[in-house]
Structures are given as C-alpha cells and as structure tokens.
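Quick note: the coordinates plus some simple rules give every number you see, no bench work behind them. Treat the numbers as computed from the prediction; the structure is a model and nothing was measured. A quick note on method: Cβ atoms are made from the backbone with ideal geometry, for glycine too, and the neighbour counts reach across all protein chains shown.
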C-alpha cells in the first residue's frame, strides 16, 4: 500500500451504551482510532424512506489494517458520518483493510 494514497484523516468510532443515574440507557459514540485512509466514492442512489427521498452514497475506504474494526462501527470524515457495512482484511495478511461504508446525505 502506497502511503501517498492515504491522504484523508479519518476517525473510527464505536457505539457505547451506558446507564444514567436514573437507570435509562444512554448511547454515545466514542473514538476508537484516528487513521489515514483513502475515501473513494463508488455509487450514489436515492431510496424512498418514510415517503421521502433520501440520497445514499456508497464509498470504499482503504487504510492500514486495524484489529477490531467491525460493521457496527462508523467513520467520521470531517463533518461527514459513514456507517461501516463491511470490513475486509485484504488478502488476510493484516496489512491493509477495505471498508465498505454508507453515507446518508
């Protein structure tokens, strides 16, 4: 993997559930890691949700391998939020990863 391609600063977050003083569940996103990666758009489409059009963009993120990245996590890229759909260990060599992500605009 060429380091020059990894030009975007990304933050990987996971959802953490805690309880407040009243026993109610509180969901918060916490940072897991900050990494350098490449964000490449794949396609865009519109889906009708609750009878309104919501544009959806799909991207592929390439980055160095990071153990523990799972589809229930998300990626922050500037002010953009992308849900991880799949995390692929390229060649099963623990050197680089491809993340398939979805961004709702």
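Is any residue of segment 54-73 close enough, with backbone N under 15 Å, to a label point placed 7 angstrom from the Cα of residue 43 along the Cα-Cβ axis, and if so, which? From segment 54-73, the list is 56-60.
In terms of its C-alpha gyration tensor, the chain has an oblate overall shape, because the principal axis ratio a/c (a ≥ b ≥ c, square roots of the eigenvalues) is not below 1.5 and a/b does not outweigh b/c. Once the Cα-Cα distance is subtracted from the 0.36 nm per residue extended length, the residue 88 to residue 16 segment shows a gain of 23.6 nm.
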